[in-house]
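Asker: First the structure, which I've put down as structure tokens, then a few questions once you've had a look.
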Amino acid sequence: MATKKKESVQVGKEIIAAEAKTAPEKKTEAEKKTTVRKTAASESAAKKPAEKKTASKAAEKKTASAAGKEEKPGKEKKATVTKKTEAAPAEPEIQEAEPVLPDAGLPEPRRSVAFIGSECYPFVKTGGLGDVMYALPRALVKLNCDVKVILPRYRCIPWEYQEKMVYRGEFMMDLCMDGRCFYIGIMEYILDGVVYDFIDNEEFFSAGNPYTNLVDDIPKYCLFSKAALAALNYLNWIPDIIHCHDWQAGLVPVYLRTLFADTPVASAKTVLTIHNLRFQGIYGIPTIKYWSGLPGWLFDYSFLKQGDNDANMFKGGLAFTDSITTVSNTYAGEIQTPFYGENLDAHLRYHAGKLRGIVNGIDCEIWNAETDPLLAVNYRFDDAVEKKKENKLALQESLGLEKNPDKFVIGLISRLTDQKGLDLVTTILPELLDGNTQLVVLGTGDARYENAFRYYEGNNKGTVCANIMYDEGRAHQIYAGADALLVPSLFEPCGLTQLIAMRYGTVPIVRETGGLKDTVQPYNAYTGEGNGFTFDRYEAGLLLDAVNRAKTLYFTERENWDAMLLRDMEKDVSWENAARQYRELYLQLKP
Ligand code: ADP
């Protein structure tokens, strides 16, 4: 049985009662599944008649106000949140928010930041964005920032987290052009000083994966973006900065400066970070206009309009945000050119004055060869050269590769999509396999790449291993056991795999683009400097040349290879530096 608590939540000038309840105690696996599925639904379904009336009244009111003509600038309808004031009956067992008190020695002034994004490790992660949403807030907490991360409460979030979430309140929110209202619940989870608030709505977030198809994703992220702002007002947690991530949160700055302009949260400044410009949330104007409920004038070319008939959610966010960041300096320049600009290069050149690059870091506690519980053998700087061999042997054994520490093992950990330069890899693969080299692939994605790697594995048993799967543990073992990691991307906003590889003493072989260029210094045989091997133009021959240079060093000058391996382990790839730059940016926006 869930236990509940009545708790006060201040919203504007009023104090209202909201329910707080902890998750059920231990359940069987089957019960757990059903409960996860039912939580949101049952919360909505459990509405009392009186509450239903409030919701439908709000809906009627919205229909009346929003069904009218297109609003003009400055005349837009304001966001409406219908608060629920019903108190819960039973007594609570609530996970208390541990106050994060400013320590002596922390930089002043303290700043509050709300992160809004679509994924975050360990709850849900499909790529680098999930890592950043996890690690950057934690690094900011250490720099005297008060951070709240707002995420959708997807059904696929593992039960171990779902069961620890605490109910923080609910309200009905109007969304669409015709004023349809939707249930919004707020579930909270606190970890290491960071507060995670999950926007709960069974109808929108119940798919197995966070991203499905644009037909579903457009309404989902319209609702999420608007609900995130409404939740901040509802919780009366008004941050100095709202830091939005990628297209899924692209409408946040647009809502903030239009429908929320006269609400408390509008005092916040916004930062919008581009983690990957390829995905923008583009769809027909009528659909986005309907679901967002945004005023018609926004669908003008300079804001949301793209081409003749489409609206672009990311484009709107970039226009309205106070500051744009992307995840490396090189990518910040590249996206202002037609080749990398994904049709937004002119828009980004126009907004270049507020655009800058800040290179990502990695979480050095998770990615720590000395303590990593997923490795066959832990190692540190002093014994890395020897212990990496043991990890290599363990990797070869577990993957069915020929066990031999002298083989040159190349790892590739990646989404298997065009972005990642895999056509170059499959082109050179026959020449790569020279009898002394092994290739370990870990990834999922486009069928043509999955099948190509399966094919090569079939023809090269014991030499090539295609792990067509998503597997955190195996990723850790490859980072530790491989000699080199291949990242030949067509474009790479920052790239985390080369940073993780370096931290584990695995030498990156990368194309000089985006963050790969900013983080991997090419090996210089004359000065003995550098962290990896690089090539510039997107050509298979140049990739092969880079791999061959790496092999030559490995097989003929092992002491120089080992010295580079150790240089890589020493490189600062932590979040500290990036977090400091974000903090400076926040202070520029809100001195
Ligand atoms: P992107 O965000 O473009 O996918 P990044 O290099 O920024 O690429 O981040 C990729 C992250 O996802 C890294 O943490 C990497 O280890 C992880 N990753 C990618 N594919 C897999 C996989 N198949 N199994 C486990 N981890 C993976």
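Asker: Somewhere in the range 120-135, is a residue in a loop (DSSP other than H, G, I, E, B), in contact with a helix residue (DSSP H, G or I) (Cβ under 7 Å, 6 or more places away or on another chain), in contact (Cβ under 8 Å) with a residue 40 or more places away in the chain and crowded, with 19+ Cβ neighbours inside 10 Å?
Answerer: yes
Asker: While we're on this one: Could you list, in sequence order, all residues of the range 122-143 that are over 22 Å from Ala475 (Cβ atoms) and within 13 Å of the ligand (Cβ to nearest atom)?
Answerer: none
Asker: Moving on to the next point. Filter the range 430-455 down to the residues that are acidic (Asp, Glu) and over 24 Å from Ala550 (Cα atoms), then identify the one that is least open to solvent (accessible area, probe 1.4 Å).
Answerer: Taking the candidates together, the pick is Glu450.
Asker: Now, a different point. Can you find even one residue in the range 552-571 that is farther than 30 Å from Gly435 by Cβ and at pLDDT 95 or above?
Answerer: Yes, the range 552-571 contains a residue that is farther than 30 Å from Gly435 by Cβ and at pLDDT 95 or above.
Asker: So, of the residues in the range 410-439 that are within 12 Å of the ligand (Cβ to nearest atom) and among the aliphatic types (A, V, I, L, M), which turns out to be farthest from Lys389 (Cα to Cα)?
Answerer: Per the criteria, the residue is Leu416.
Asker: Condition first: among the basic types (Lys, Arg) and closer than 18 Å to Cys244 by Cα. Now tell me which residues in the range 312-354 satisfy that.
Answerer: Lys315, Lys354
Asker: Follow-up. Step by step: first the residues of the range 112-134, then only those that are within 10 Å of the chain's Cα centre (by Cα) and of a type in the set (Ser, Thr, Tyr), then the one that is nearest to Gly361 (Cα to Cα). Which residue is that?
Answerer: Looking at residues that are within 10 Å of the chain's Cα centre (by Cα) and of a type in the set (Ser, Thr, Tyr), I get Tyr134.
Asker: Here's something else I'd like to know. Just give me the residues in the range 392-409 being polar (S, T, N, Q) and within 16 Å of the ligand (Cβ to nearest atom), in sequence order.
Answerer: The one that is polar (S, T, N, Q) and within 16 Å of the ligand (Cβ to nearest atom): Ser398.
Asker: Give the residue that is surrounded by the most Cβ atoms within 10 Å (Cβ to Cβ), with candidates limited to residues of the range 136-171 that are within 18 Å of the chain's Cα centre (by Cα) and in a loop (DSSP other than H, G, I, E, B).
Answerer: Looking at the filtered set, the residue picked out is Arg153.
Asker: Another one. Please state which of the following conditions Gly445 fails to meet, knowing it meets all the rest: (1) small (Gly, Ala, Ser); (2) touching a residue at least 60 places away in the same chain (Cβ under 8 Å); (3) within 14 Å of the ligand (Cβ to nearest atom).
Answerer: The number of the failed condition is (2).
Asker: Within the range 538-555, can one find any residue that is touching a residue at least 60 places away in the same chain (Cβ under 8 Å), closer than 19 Å to Leu442 by Cβ, of a type in the set (Ser, Thr, Tyr) and in contact with a helix residue (DSSP H, G or I) (Cβ under 6 Å, 6 or more places away or on another chain)?
Answerer: No, the conditions are met nowhere in the range 538-555.
Asker: For the range 516-539, what are the residues that are out of contact with any Asp or Glu (no Cβ under 8 Å at 6 or more places or on another chain), among the small types (Gly, Ala, Ser) and at pLDDT 95 or above?
Answerer: Correct list: Gly530 only.
Let's see how each residue does on (1) among the basic types (Lys, Arg); (2) in contact with a Ser or Thr (Cβ under 9 Å, 6 or more places away or on another chain):
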{"position": "Gly515", "(1), (2)": "no, yes"}
{"position": "Phe533", "(1), (2)": "no, no"}
{"position": "Ala550", "(1), (2)": "no, no"}
{"position": "Tyr554", "(1), (2)": "no, no"}
{"position": "Glu559", "(1), (2)": "no, no"}
{"position": "Glu570", "(1), (2)": "no, no"}
{"position": "Arg580", "(1), (2)": "yes, no"}
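Asker: Does the range 456-497 hold any residues that are within 8 Å of the ligand (Cβ to nearest atom), under 21 Å from Met569 (Cβ atoms), surrounded by 24 or more Cβ atoms within 10 Å (Cβ to Cβ) and not hydroxyl-bearing (Ser, Thr, Tyr), and which are they?
Answerer: Val487, Cys494, Gly495, Leu496
The values are calculated or read from the model by the stated rules, or taken from the named source; none is laboratory data. Everything numeric in this text was worked out from a predicted model, so none of it was measured. Neighbour counts are summed over all protein chains in view; Cβ atoms, including those assigned to glycine, are modelled from backbone coordinates with ideal geometry. Ligands, DNA and RNA are excluded from the accessible area calculation, which covers all protein heavy atoms including side chains. Shrake-Rupley method; radii C 1.70, N 1.55, O 1.52, S 1.80 Å.
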